[in-house]
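*Asks:* For reference, the structure I am asking about is given below.
Each reported figure results from applying straightforward, stated rules to the coordinates on display, with no laboratory input. Note that the structure is predicted; figures quoted are calculated from it, not measured. As a convention, Cβ positions derive from the backbone with ideal geometry for all residues, glycine included, and neighbour counts pool all protein chains shown.
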Amino acid sequence: MSSQDIPEENLPAEQDHAHGAVKVADEENPFADPGLPPHEHRIQDIDERAAKRSERTVALLFTVSMLATIGFIASYVTVPDDKSIFVFPIGHLSAMNFALGLTLGVALFCIGAGAVHWARTLMSDVEIADERHPIEAPAEVREKVIADFKQGAKESAIGRRKLIRNTMLGAVALVPLSGVMLLRDLGPLPGTSLRHTAWSKGKLLVNMNTNEPLRPEDVAVGSLTFAKPEGLEEHDENFQTEIAKAALMIVRLQPENIKDKRELEWSHEGIVAYSKICTHVGCPISLYEQQTHHVLCPCHQSTFDLSDGARVIFGPAGHALPQLRIGVNDEGYLEALGDFEEPVGPAFWERG
Amino acid sequence: MSTANSPESRSRGKAPAGERLADWADGRLGIYSLAKANMRKIFPDHWSFMLGEVCMYSFIIIILTGVYLTLFFHPSMNEVEYHGSYVPLQGQLMSEAFNSTLHISFDVRGGLLIRQIHHWAALIFLAGMFVHMMRVFFTGAFRKPREVNWLFGFLLFVLGMFTGFTGYSLPDDLLSGTGVRFMEGAILSVPIVGTYISFFLFGGEFPGGDFVARFYSIHILLLPGIMLGLMVAHLILVFYHKHTQFAGPGKSNKNVVGMPLLPVYMAKAGGFFFLVFGVIAIIAAIAQINPIWAIGPYRPDQVSTGAQPDWYMGFAEGLIRFMPGWEINLWGHTLVLGVFIPLVLFPLVLAVIAVYPFIEAWITGDKREHHILDRPRNAPTRTAFGVAWITIYMITLVGGGNDLWATHFHLSINAVTWFVRIGFFVGPVIAFVVTKRICLGLQRRDRDKVLHGRETGTIKRLPHGEFIEVHEPLSQEALHTLTAHEQYQPLEIGPTVDENGVERKVKATEKLRAKLSETYFGEESQIPKPTVEEYKEITSGHGHH
């Protein structure tokens, strides 16, 4: 709307000035603070029709919000909660989630948009200056407080009766110890539990996927097989804690490709068994590159060479993966020839 | 005297109901004195002052939706078999925590929406705090008297990170369980006590059967309780100190210019809560977050590729990823430097930014109150330091997603990791130098603008053929705004040997302070702002050209 449309009587006699009247340009100091600039009227301040339009806009936004809330209730009752819909360009969405979220979002957003539009177009936009006062108390207040404090301290005699003060400090310092003591039973002491796993001599290597004991011929060159010790079942109460240490990965290498002498000794016909738990911070290693015999931890990219004692060749891990010594029992099944000789998983202070 | 008959109280008796209710409350709560100071409190307007509001509102949204989630969530690690309506997982063993999260997502109408709002709001809360902190940092709003409030805000940010971490670990899904395992591995690396802390935290060996219940009480009670207290204190201080403002005509260190709380900010800020809530609800309607049903229940022997924490933990993740795997074995003990150094660096990098206000106050020796904000360019060393800090943060964040960078941009993971290792040291130095140059350049431009006016883009041809661009002198408002900032002089120690040749003792800290002061305010570090004399000489001599 152009200014010609504004009824004459609505135009202000002159632009009113904000507090601290506008100074004329300072000849002495061109950089001096000229004071608050005069208030500029908005169209709504001078044209009632524009103000009415703003009012209608605000009311419309609040009305849309009400409708959206009704839409929310209607969606809650009518939309089946297993239905999926396609929304361009996002893709497939749960119809219930989409309907509820959109209606709730619109209902909330319109309240906000209405309130902000109201504030911006119809409420006074005259800037007001407020005085600040120093945060620091005036000197006399400070004196008074210090004097009061000294008076109080003197009356308590805490400075003079040292025995009371010292025993009180002692008592208050000691009493939290009870709280600390109570934390003791948060858990058992570590002892040597991190050094032992569910593996022991004679335990069969059970395929994690099929739950069947493994024979050497089940392990093909280039494959990565995950195994658990015989007797450890998913329904066991401590399964999660045991598998966190006992998880095993098995690969078959060509015996002539094994560079590490001990690794060869502890293997069976080129089949080697290593802890699956990364020695960095304990992620399960699960990526195997059959050409290079490298395994990679997907969490922090530590890379180990399985043909060379599983030494670290890249990444943040600090030491090689522990190897499990394996053999074959009388019935032709792969078995462990003992527990891991070193702790599996992340290093810790007592590991040594 | 009986007050019931006094004319004053009779006139009150005829007041409208609202006023009578207010009178009743005032007689018991003293609300009028409170309202006198605050009802028409002035708030200055600037878009960046909105960032803190985003944080406050997302925090409220998190609490509201969080309370709803507790009605359905079972913080238990007991193993159960799934029989809910999500077919692919039926018959699977999972913890009750995971089971009840599936229940919320599929069998509670609107449960998924509330879960997604809760999670999205948490991400926005942390991002909001990060950006809000940067706003406060780069404008120098942390200076006296607001240092303590800066610390409150910093604590909110750090506690927010841990509340977020414990929160996303609660569903006991494969991704978050991997994150908890990472935390356990990091705790194990602490010399001497690490193993014990880990056993006490998890009730024995990892994962045990306790951590979800323990994280739950930390996540819904302990940390948010502290945060709520801190946030209230933060707001009380904002009210008490009154808001900062940028320099401008009519705005000084002794006033605050803006619009009153009632009605403008009541409507704007109150409305803004609904805007934030509405936007988050719409995001939660269309953008899936943390689909735990696709990730599956936690198993310590399983993992998925591309495992990432929420963004605010990516910084910790990056530190642990690019650190070389150093390990020292001596006298039967292991010092796991490869994990322990990142664990120490994590709080250290954060602490640097937390204590910065105190360092700067010591260097400037300025004990005055500051309510006028700095433009970042006018504090080049501070700005450069802040950008250097963000550079460390961002490079480390890249390190936290090195696998994603490698797969998305077809790079070698080793190359990305090495880039981060080198960038961690070199990046902040480059960022510091470049930022400082840019700030000084902008200061020069401001100076030119003040002295020679604004470039109008109008080209004029002089009688003798020369082309010049017409410059338009600035208004007094603009001149004032561009010259309102203060410039410190570097601290001078003076000669350490007096006229008699006797050496004066200067403390090492004093020398350091003088050196830092030179770095901050020396000739290399700020462009002298134009003086009135310079201005007059140029403008009076040959007019404006």
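*Asks:* For segment B:13-120, state the average projected area of the convex hull of the C-alpha atoms over all orientations, rounded to one decimal in nm².
*Replies:* 12.5 nm²
*Asks:* Here's another thing I want to ask about it. In the protein assembly as shown, which cysteines lack any other cysteine Cβ under 4.7 Å from their own?
*Replies:* Those would be A:C110, B:C55, B:C439, since no other cysteine Cβ in the protein assembly as shown comes under 4.7 Å of theirs.
*Asks:* With the cut-off at 1.5 for a/c, could you classify segment A:49-163 from its C-alpha gyration tensor as rounded, prolate or oblate? Kindly include the intermediate steps, with their values, before the conclusion.
*Replies:* Details: a/c = 5.02, a/b = 2.03, b/c = 2.47.
Oblate shape, in that a/c is at least 1.5 and b/c is the bigger or equal ratio.
*Asks:* Which one, A:I285, A:I271, A:V312, is farthest towards the positive end of the dipole of segment A:195-336 when Lys and Arg carry +1 and Asp and Glu -1 on their Cβ?
*Replies:* A:V312
*Asks:* With charges only on Cβ, +1 for K and R and -1 for D and E, what is the dipole size of the protein assembly as shown about its Cα centre, in debye, rounded to 20?
*Replies:* Rounded to the nearest 20 debye, it is 2340 debye.
*Asks:* On to the next question. What is segment A:195-336 by shape, rounded, prolate or oblate, if you read a ≥ b ≥ c off the alpha carbon gyration tensor as root eigenvalues and call it rounded for a/c under 1.5, prolate for a/b larger than b/c, and oblate otherwise?
*Replies:* Cα axes put segment A:195-336 in the oblate bin.
*Asks:* Next question. If I model a spin label at B:H333 and B:E534 as a point 7 Å from the Cα along the Cα→Cβ vector, what separation in nanometres do I get?
*Replies:* If labels sit at B:H333 and B:E534, their model points lie 6.1 nm apart.
*Asks:* Quick one: which residues, 5 or more positions from A:A310 or on another chain, have an amide H under 5 Å from its amide H? H modelled 1.01 Å from N in the peptide plane, none for Pro or chain starts.
*Replies:* Residues meeting the criterion, in which the H sits 1.01 Å from N, are A:D305.
*Asks:* Mind checking which of B:V108, B:G208, B:M161 is farthest towards the positive end of the protein assembly as shown's charge dipole, using Cβ charges of +1 (Lys, Arg) and -1 (Asp, Glu) about the Cα centre?
*Replies:* B:M161
*Asks:* Taking all pairs of different Cα atoms in chain A, averaging 1/r and flipping that mean, what Kirkwood radius in angstroms comes out?
*Replies:* Across chain A, the inverse of the average 1/r is 30.3 Å.
*Asks:* If you take every residue apart from B:L397 with its C-beta less than 13 Å away from the C-beta of B:L397, what net charge results, scoring Lys and Arg +1 and Asp and Glu -1?
*Replies:* Details: positive: B:R321; negative: B:D310, B:E317.
Net of charged neighbours comes to -1.
*Asks:* Report the full-extension gain for the segment A:I73 to A:E289: residue separation times 0.36 nm, less the Cα-Cα distance, to one decimal in nm.
*Replies:* Numbers: separation 216, 0.36 × 216 = 77.76 nm, distance 5.41 nm.
Extra length available between A:I73 and A:E289 comes to 72.4 nm.
*Asks:* Still on this structure: If you add up the charges near A:S178, with Lys and Arg at +1 and Asp and Glu at -1, over every other residue whose beta carbon is less than 14 angstrom from its beta carbon, what do you get? Walk me through the numbers before you get to the answer.
*Replies:* Values: positive: A:R184; negative: A:D185.
Residues near A:S178 contribute 0 overall.
*Asks:* Does a label point 7 Å from the Cα of B:E492, set along Cα-to-beta-carbon, have any residues of segment B:513-527 with amide nitrogen under 14 Å, and which are they?
*Replies:* Within reach of a label on B:E492: B:518, B:522-523.
*Asks:* So how far, in whole Å, is the C-alpha centre of segment B:173-221 from the one of segment A:271-293?
*Replies:* Comparing the Cα centres of segment B:173-221 and segment A:271-293, I get a distance of 23 Å.
*Asks:* Using just the alpha carbons, could you tell me how many Å³ per residue the convex hull of chain B encloses?
*Replies:* Hull volume normalised by residue count: 320 Å³.
*Asks:* Moving on. Enumerate the calculated ³J(HN,Hα) couplings along segment B:117-128 in order (Karplus 6.51 cos²θ - 1.76 cosθ + 1.60, θ = phi - 60°), each rounded to whole Hz, writing x wherever the residue is Gly or Pro.
*Replies:* 3J(HN,Hα) across segment B:117-128, in whole Hz: 4, 4, 6, 4, 4, 5, 4, 5, 4, 5, 4, x.
*Asks:* If we count every other residue with Cβ under 14 angstrom of B:G30's Cβ, Lys/Arg +1 and Asp/Glu -1, where does the sum land? If you can, show how the numbers build up before the last one.
*Replies:* Working: positive: B:R28, B:K36; negative: B:D23, B:D26.
My count for the surroundings of B:G30 gives 0.
*Asks:* So, one more: For a Förster distance of 41 Å, can you work out the FRET efficiency between the beta-carbons of B:R109 and B:F246, rounded to the nearest 0.05?
*Replies:* For B:R109 and B:F246, the calculated efficiency is 0.30.
*Asks:* Which order do the peptides A:333-346, B:229-242 come out in when sorted by mean C-beta neighbours inside 10 angstrom, highest first?
*Replies:* The most tightly packed comes first, giving A:333-346, B:229-242.
*Asks:* Here is a further query. How much of the pair distance distribution for segment B:409-545 lies past 23 Å, counting alpha-carbon pairs only, in percent?
*Replies:* Working: 5780 of 9316 pairs.
Above the 23 Å cut-off, segment B:409-545 has 62 percent of its Cα pairs.
*Asks:* Taking each residue in B:324-332, count the Cβ atoms of any other chain within 10 Å of its Cβ, then average. What number comes out?
*Replies:* What the average comes to for B:324-332 is 4.
*Asks:* Using alpha carbon centroids, what distance separates segment B:92-152 and segment B:431-489, in Å?
*Replies:* Value for the Cα centre distance between the two parts: 43 Å.
*Asks:* For peptide B:103-114, how many partner chain Cβ atoms fall within 10 Å of a residue's Cβ, on average?
*Replies:* Neighbouring Cβ atoms belonging to other protein chains average 4 per residue here.
*Asks:* How large is ³J(HN,Hα), in whole Hz, for each residue of segment B:57-66 in order, when computed from phi with the Karplus curve 6.51 cos²θ - 1.76 cosθ + 1.60 and θ = phi - 60°, using x for Gly and Pro?
*Replies:* 5, 5, 5, 5, 4, 4, 5, 4, 6, x
*Asks:* Of the peptides B:97-105, A:262-270, how do they stack up when ordered by the mean number of other Cβ atoms within 10 Å, highest first?
*Replies:* Order by mean packing, descending: B:97-105, A:262-270.
*Asks:* Work out the FRET efficiency for B:A22 and B:L71 from their Cβ-Cβ distance, taking R0 = 35 Å, and round it to the nearest 0.05. Mind dumping the intermediate values first?
*Replies:* On the way: r = 36 Å, r/R0 = 1.03.
Calculated value: 0.45.
*Asks:* Something else: What number does segment B:51-308 give for Rg over Rh if you use C-alpha atoms and the Kirkwood radius?
*Replies:* Looking at segment B:51-308, the ratio lands at 1.04.
*Asks:* Okay, next question. What are the ³J(HN,Hα) couplings of segment B:496-501, residue after residue, when phi is run through the Karplus curve with 6.51, -1.76, 1.60 and θ = phi - 60°? Round to Hz, x for glycine and proline.
*Replies:* Each residue's phi maps through the Karplus curve to give 7, 10, 7, 5, 8, x Hz.
*Asks:* Going by how many other beta carbons lie within 10 Å of each one, how would you line up B:T65, A:T167, fewest first?
*Replies:* With the sparsest Cβ surroundings first, the list reads A:T167, B:T65.
*Asks:* In addition: As an exercise, identify the trypsin sites (Lys or Arg not before Pro) in segment B:350-390 lying in DSSP coil whose Cβ has no more than 12 other Cβ atoms within 10 Å.
*Replies:* Counting only loop positions with at most 12 other Cβ atoms within 10 Å, the trypsin sites (Lys or Arg not before Pro) in segment B:350-390 are B:K367, B:R368.
*Asks:* Right, next: Hey, quick one: spin label on A:I85, modelled 7 Å out along Cα-Cβ, who in segment A:102-124 has an amide N within reach, i.e. under 17 Å?
*Replies:* From segment A:102-124, the list is A:102-107.
*Asks:* How many partner chain Cβ atoms sit within 10 Å of a residue's Cβ in peptide A:177-188, on average, as a whole number?
*Replies:* Values: counts 0, 0, 0, 0, 0, 0, 1, 1, 2, 10, 12, 6.
Per-residue shielding by partner chains comes out at 3.
*Asks:* Return the ratio Rg/(2.2 N^0.38 Å) for the protein assembly as shown, where Rg is computed over Cα atoms only.
*Replies:* Relative to the 2.2 N^0.38 Å estimate, the protein assembly as shown comes out at 1.18.
*Asks:* List the residues, sorted by chain then number, that are 5 or more residues from B:V80 or on another chain and whose placed amide H is less than 5 Å from its amide H.
*Replies:* B:M94, B:S95, B:E96
*Asks:* If you don't mind, another one. Nearest 0.05, what FRET efficiency do A:M66 and B:N38 give at R0 = 41 Å with Cβ-Cβ as r?
*Replies:* 0.85
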